[in-house]
Amino acid sequence: MNFPILSSLILLPLVGSLFILFVKSDASSNYQSSKYVALFTSFVNFLISIYLWYLFDNSISEFQFIEDKQWLRGFVNYKIGIDGISILFILLTTFITPLSIISVNNSIKSRLKEFLIAILIMESLMIGVFCSLDLVIFYLFFEGGLIPMFLIIGIWGGTRRIYSAFKFFLFTLLGSVLMLVAIIAIYWITGTTDVVQLYELGIDWKYQNLLWLAFFSSFAVKTPMWPVHTWLPDAHVEAPTAGSVFLAAILLKLAGYGFIRFSLGLFPIASDFFTPLIYSLSLIAIVFISLVALVQDDMKKLIAYSSVAHMGFVTLGIFTLTQQGIEGSIIQMISHGLVSAALFLCVGVLYDRTHSRLISSYGGIVSIMPKYAVVLMIFTLAAVGLPGTSGFVGEFLILLGAFQKSFITAAIASLGVIFAAAYMLWLYKRVVFGNLINKELFKIPDLNKSEIFILWSLAIPTLFFGFYPEPLINTIEISIQDLIKMYDLNLSSYAEFNKDNFIK
């Protein structure tokens with residue numbers, strides 16, 4: 001089609017943020033106008049992304065809806081396009097954004113206009129990451145997302161917001177500096193930063209290990225993998241609810257997407273060489289971080305640590321290099337985007353009413369908030385990976401792929417499912433059941449209409465894709481098959497090259 005639908009998805013949130021920028025902020029009616037503009041913009045973007053999914057042809061593996069415009073003459077083109085992998089992350093981004101905007105009704109009390117602008121800019125940059133088909137364009141979108149999230153944490157966060165914002169910014173920026181150096185090196189080696197051309201040309205095996213490590217330094221921090229995960233709990237605890245939702249649901253997925261698109265796609269030989277390293281770090285994240293989550297007394301910190309453990313499953317599945325493993329990783333990322341967003345919103349519901357995130361402040365709230373108890377139960381069980389929820393589909397496929405590669409690795413990873421059940425069900429028991437000892441809890445109301453709408457909007461796809469994951473699998477299947485074929489072809493060519501050299 002001639003219409004630039006991907007550029008429209010990227011630019012529409014920026015247009016909405018410009019409208020909000022010129023809304024006067026001296027009256028409550030204008031605050032309402034800002035929210036309506038942001039909500040309308042994000043909802044229209046979601047409808048466009050649904051239409052894009054409808055138009056998408058999942059029977060071919062090539063990139064579709066490609067837009068290629070000259071930007072820096074002779075060096076970088078503005079090139080964007082999608083395949084079956086990227087379109088699901090675009091859908092997740094456009095789905096989460098309007099829900100985040102609705103949630104600000106209770107959590108953001110000041111400078112709402114600026115907050116909404118930051119959210120819309122974040123949406124634009126995240127969509128740009130998932131569309132980029134040029135390494136420089138990818139890097140600009142990838143790093144650009146740091147700025148609005150830094151402001152969201154630093155301005156609207158909690159008491160330690162400045163410390164957490166700078167820790168988040170420095171960790172993620174320093175990790176990405178090496179990736180920028182690697183992108184420049186790739187241009188020097190191949191003469192292009194076009195991802196499609198790089199897939200066809202390939203990168204000389206002599207350079208792959210160093211380039212892989214440079215990209216890994218960025219993706220490992222963003223995932224985050226152990227031991228560079230320490231910025232995440234602080235960022236989540238101090239971020240406002242809508243910021244935590246965006247951070248957990250979208251920002252953490254950038255690195256998983258990057259591993260699939262670039263680490264496997266551009267550096268297959270290095271990926272094969274470093275697979276034991278990824279397995280080791282993933283298993284530590286799954287088992288050790290789950291144990292850390294068990295001893296947390298802050299609900300947000302517990303959920304933040306659980307995100308690290310769940311992303312450990314994602315990296316494990318990606319580097320099994322099996323159809324089931326990579327499919328499971330993508331479905332796990334989509335599921336985690338829905339479930340983690342909902343869990344942070346559930347914490348935000350209680351925090352807005354009592355101004356406490358401590359587990360010890362609660363207990364017995366099922367008797368005063370039965371609607372809340374029901375939706376929290378759904379997302380708790382989804383986080384555990386109960387059959388019938390999207391969390392089960394992702395974890396099952398990942399473990400299936402891991403068993404094909406290494407029985408011991410899969411067996412150790414399976415412990416993560418047990419530990420997840422331990423810390424999530426223990427959290428639910430302490431918050432929802434028991435005696436209602438805290439007298440102040442008698443005053444708090446159950447879910448209001450907007451909270452019910454947000455949480456059930458997340459619960460419905462969590463349950464639907466748990467019972468019927470076919471739409472997700474059909475979308476990504478051909479793209480993953482093509483990726484694995486390209487990966488295997490590169491490995492076999494490299495093995496043949498080494499064999500010939502050995503004979504000589």
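For the chain, with only Lys/Arg (+1) and Asp/Glu (-1) charged at the beta-carbon, what is the dipole magnitude about the Cα centre, in debye rounded to 20?
1560 debye
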Query raised in the report: In Å, what Rg and Dmax follow from the Cα atoms of the range 193-291?
Result: 15.4, 46
Report task. For the range 44-105, restrict the atom set to alpha-carbon positions and state the Rg and Dmax in Å. Result -> 14.8, 48
Requested in this report: Would you compute the Debye intensity of the range 87-178 from its alpha-carbon atoms alone, equal scatterers and no solvent, and pass along log10 I(q)/I(0) at q = 0.17, 0.19, 0.25 Å⁻¹ to two decimals?
Outcome: -0.81, -0.98, -1.29
Report summary line: Inter-part gap, Cα centre of the range 375-395 to Cα centre of the range 178-255, in whole angstrom, is 28 Å
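Over all distinct alpha-carbon pairs, what is the Kirkwood Rh of the chain in angstrom? Don't skip to the end; give the middle numbers.
Values: mean 1/r = 0.0434 Å⁻¹.
Evaluated over the chain, this radius sits at 23.0 Å.
Would you please give the FRET efficiency between LEU358 and THR230, computed as 1/(1 + (r/R0)^6) with r the Cβ-Cβ distance and R0 = 22 Å, to the nearest 0.05?
0.55
What does the highest-first list of 458-467, 33-42 look like by mean Cβ count within 10 Å? Walk me through the numbers on the way to the answer.
On the way: 458-467: 18.1, 33-42: 20.6.
Answer by packing, highest mean first, reads 33-42, 458-467.
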Report summary line: Compactness summary of the range 315-387: radius of gyration and Dmax from Cα atoms, Å, are 16.0, 48
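Add -39500 (n - 2.57) for each DSSP H run of 4 or more in the chain, then divide by its residues: what number comes out at 222 nm, to the nearest 500 deg cm²/dmol?
Numbers: 20 runs with 374 residues, N = 504.
Value at 222 nm, helices only: -25500 deg cm²/dmol.
Which value results for Rg/Rh of the range 1-114 when Rg is the Cα radius of gyration and Rh the Kirkwood radius based on the inverse mean 1/r? Each step should come with its number before you reach the end.
Values: Rg = 17.1 Å, Rh = 16.0 Å.
A ratio of 1.07.
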Query - Shape box of the range 82-238 [Cα atoms, principal axes, largest first, Å] - result: 54, 31, 22
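Counting only Cα atoms, I'd like the Rg/Rh figure for the range 70-137, Kirkwood definition for Rh.
On the way: Rg = 15.5 Å, Rh = 13.8 Å.
Rounded to two decimals, Rg/Rh equals 1.12.
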Query - Accessible area, probe 1.4 Å, largest first, for residues TRP231, TRP188, TRP226 - result: TRP188, TRP226, TRP231
Query raised in the report: Based on the alpha-carbon gyration tensor of the range 430-484 and its eigenvalue square roots a ≥ b ≥ c, which shape applies: rounded if a/c is under 1.5, prolate if not and a/b is larger than b/c, or oblate?
Result: prolate
Query raised in the report: Taking the mean number of other Cβ atoms within 10 Å as a proxy for protection, how do you rank 160-171, 236-247 from highest to lowest?
Result: 236-247, 160-171
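In whole Å and largest first, what semi-axes does the C-alpha gyration tensor of the range 181-250 yield when each eigenvalue is scaled by 5 and square-rooted?
Values: eigenvalues 224, 40, 15 Å².
Its equivalent ellipsoid spans semi-axes of 33, 14, 9 Å.
How large is the accessible surface per residue of the range 187-327, computed with a 1.4 Å probe and reported in Å² as a whole number? Intermediate values should be presented prior to the final figure.
Details: 3570 Å² over 141 residues.
Ligands and nucleic acids excluded, the result is 25 Å² per residue.
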Query - Size-normalised alpha-carbon gyration radius of the range 274-358, reference 2.2 N^0.38 Å - result: 1.25
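The values are calculated or read from the model by the stated rules, or taken from the named source; none is laboratory data. As the structure is a computational prediction, the values presented were derived from the model and not from experiment. In this analysis, Cβ positions are derived from the backbone assuming ideal geometry, glycine residues included, and neighbour counts consider all displayed protein chains. Note: accessible area is taken over every heavy atom of the protein model, side chains too, but ligands, DNA and RNA are not part of it. Shrake-Rupley method; radii C 1.70, N 1.55, O 1.52, S 1.80 Å.
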